[in-house]
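Since the structure comes first, as structure tokens, the remarks are kept for the end.
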Amino acid sequence: MAPSDLLGALRANPFVLAPMAGITDPSFRTLMRRLGCGVVITELVSAHGIEFKSEKTIRLMGFEESQRPFGIQLFGETPEIVARAAKFAEEFGADFIDLNFGCPVPKVVKKGAGSAILRDLPRVAEMFRTVRAAISVPLTVKIRTGWDESSRNADAVAQIAYDEGLTWVAIHGRTRAQGYSGDADWNYIAEVKAKSSIPILGNGDINSAATAVRRLRETGCDGVMIGRGCLKNPWIFREAIELWTNQAAASRTYDFEGLLREMHDTFLARTDEKITMLQLKKFASWYSTGYPGASNFRKAIFQSQALGETLDLALSYFSDLKSVLQADTSHEAFLMGGHG
Ligand SMILES: Cc1cc2nc3c(=O)[nH]c(=O)nc-3n(C[C@H](O)[C@H](O)[C@H](O)COP(=O)(O)O)c2cc1C
């Protein structure tokens with residue numbers, strides 16, 4: 001895919017699924033694309049894992065044609081190894097390669113990968129240049145606003161990305177030091193967008209379609225990434241694109257039953273009963289956020305011992321919610337940790 005095609009896809013639908021380790025697996029990416037998301041990206045994939053042809057690593061990159069455009073996100077500290085991994089990912093079928101310069105996790109940062117590279121701009125340039133030279137599909141990057149409050153430098157990274165021919169820069173509006181605390185700084189994202197020649201995607205704390213559209217309008221960003229928001233409301237992308245394109249807001253048609261049955265069948269086809277049960281517990285718990293009785297439902301579903309029981313509990317809980325509105329829980333802590 002050429003950069004202009006990727007940017008064309010972004011213009012048509014600027015709502016991008018944020019990479020989330022352990023969540024944005026092949027099934028979830030397919031599901032979110034079908035539910036209205038414009039572009040999807042794998043979770044972070046280790047360039048070293050690719051080098052060693054680790055089966056587990058390769059599995060993370062699995063995709064279906066319906067996901068396109070889909071990107072493979074890589075992390076690593078050595079430019080040549082990341083470049084070889086990028087070439088492999090391109091040949092594997094990725095429409096674009098995304099670099100993870102945002103991961104705050106000590107295990108990753110200690111080796112100089114993830115957000116650690118933000119402290120060393122010549123290394124940023126070297127990484128971009130080496131990887132760019134190895135591939136012919138577009139290269140993108142996902143960063144934090146900076147390492148810490150006193151060294152915010154997303155604007156400088158965006159300039160280097162532009163100079164080195166990247167296609168976009170996605171900014172999670174927190175510093176590495178912040179982890180997941182505080183609020184994403186959308187004023188800073190807007191500032192960087194205003195100064196940058198390269199397309200900018202904003203990211204952080206988008207919990208509703210209305211917020212997604214407001215962030216796009218207020219910042220002038222070329223796209224927004226939504227992560228945790230789609231775990232609370234899996235229809236957030238569909239609602240956002242409808243709102244963005246000024247289609248009459250669709251009546252609220254949340255088909256929880258269809259969704260849960262589909263997830264059950266998809267997980268079961270790809271894994272086994274035990275993993276399917278765990279996944280259903282996890283997703284159904286997230287989806288219950290902001291609905292009445294969510295905490296009792298979570299307790300009950302986590303105690304269930306068999307897949308059939310788990311599915312029945314979820315179906316029965318959500319069947320009672322057909323006309324209930326989800327409360328705004330944006331002030332509550334939700335999944336306060338991840339790899340970007
Ligand atoms: C469980 C979890 C896993 C994550 N894994 C990744 C990852 O693999 N790569 C990445 O760039 N960001 C990762 N992130 C960060 C998200 O992409 C996103 O930047 C962050 O959650 C803020 O956006 P949100 O408020 O819309 O969730 C992860 C976040 C969470 C919660």
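Rule-based calculations on the coordinates, nothing more; no lab input. Model, not experiment: these values are computed from the prediction. FYI the Cβ positions are ideal-geometry reconstructions off the backbone, even for glycines, and counts take in every protein chain you see.
What is the gain in length, in nm to one decimal, between Arg252 and Ser54 on full extension, counting 0.36 nm per residue of separation less the C-alpha to C-alpha distance?
That pair, Arg252 and Ser54, stretches by 67.0 nm at full extension.
Suppose each label sits 7 Å from its Cα in the direction of the beta carbon; what would the Ala210-Lys299 distance come out to in nanometres?
Result for the modelled spin labels: 3.2 nm.
Count the DSSP beta bridges whose two residues both fall in the stretch 3-244, then state the antiparallel fraction as a percent rounded to the nearest 5.
5
Might you report the magnitude of the Cβ-based charge dipole of the stretch 212-303 about its Cα centre, with Lys and Arg at +1 and Asp and Glu at -1, to the nearest 20 debye?
400
Enter the angle in degrees (range 0 to 90, nearest 10) between the Cα long axis of helix 256-270 and the first principal axis of the Cα atoms of the chain, meaning the one along which they spread out most.
That works out to roughly 60 degrees.
Around Thr78, which amide H atoms from residues at least 5 apart in sequence, or from another chain, sit under 5 Å from its own amide H, with H modelled in the peptide plane?
Result for Thr78 returns nothing.
For the chain, find the longest principal axis of its Cα atoms and tell me its angle to the long axis of helix 186-195, 0 to 90°, nearest 10.
40
Please sort by residue number the chymotrypsin sites (Phe, Trp or Tyr not before Pro) in the stretch 33-94 whose DSSP state is loop and whose Cβ has at most 13 other Cβ atoms within 10 Å.
Those satisfying the criteria are Phe52.
I want the antiparallel fraction of DSSP beta bridges within the stretch 102-260, as a percent rounded to 5.
Close to 10 percent.
Taking H placed 1.01 Å from N in the peptide plane, check which residues at least 5 places from Ser330 or on another chain put their amide H under 5 Å from its amide H.
none
How tilted is helix 121-134 with respect to the longest principal axis of the chain? Cα atoms for both, answer in degrees (0 to 90, nearest 10).
Roughly 80 degrees between the two axes.
If packing is taken as the average number of other Cβ atoms within 10 Å across a peptide's residues, how do 27-37, 196-206 rank, most packed first?
Taking the mean over residues of other Cβ atoms within 10 Å, the ranking is 196-206, 27-37.
Residue separation times 0.36 nm, minus the C-alpha to C-alpha distance between Ala177 and Ala333: what's the value?
In short, 54.4 nm is gained.
DSSP loop trypsin sites (Lys or Arg not before Pro) in the stretch 181-232 with at most 15 other Cβ atoms within 10 Å of their Cβ, which ones?
Taking the stretch 181-232 and a limit of 15 other Cβ atoms within 10 Å, no loop trypsin sites (Lys or Arg not before Pro) are found.
For the stretch 240-340, which trypsin sites (Lys or Arg not before Pro) are in a loop by DSSP, counting at most 12 other Cβ atoms within 10 Å?
In loop regions of the stretch 240-340 (DSSP not H, G, I, E or B), the sparsely surrounded trypsin sites (Lys or Arg not before Pro) are Arg252, Lys322.
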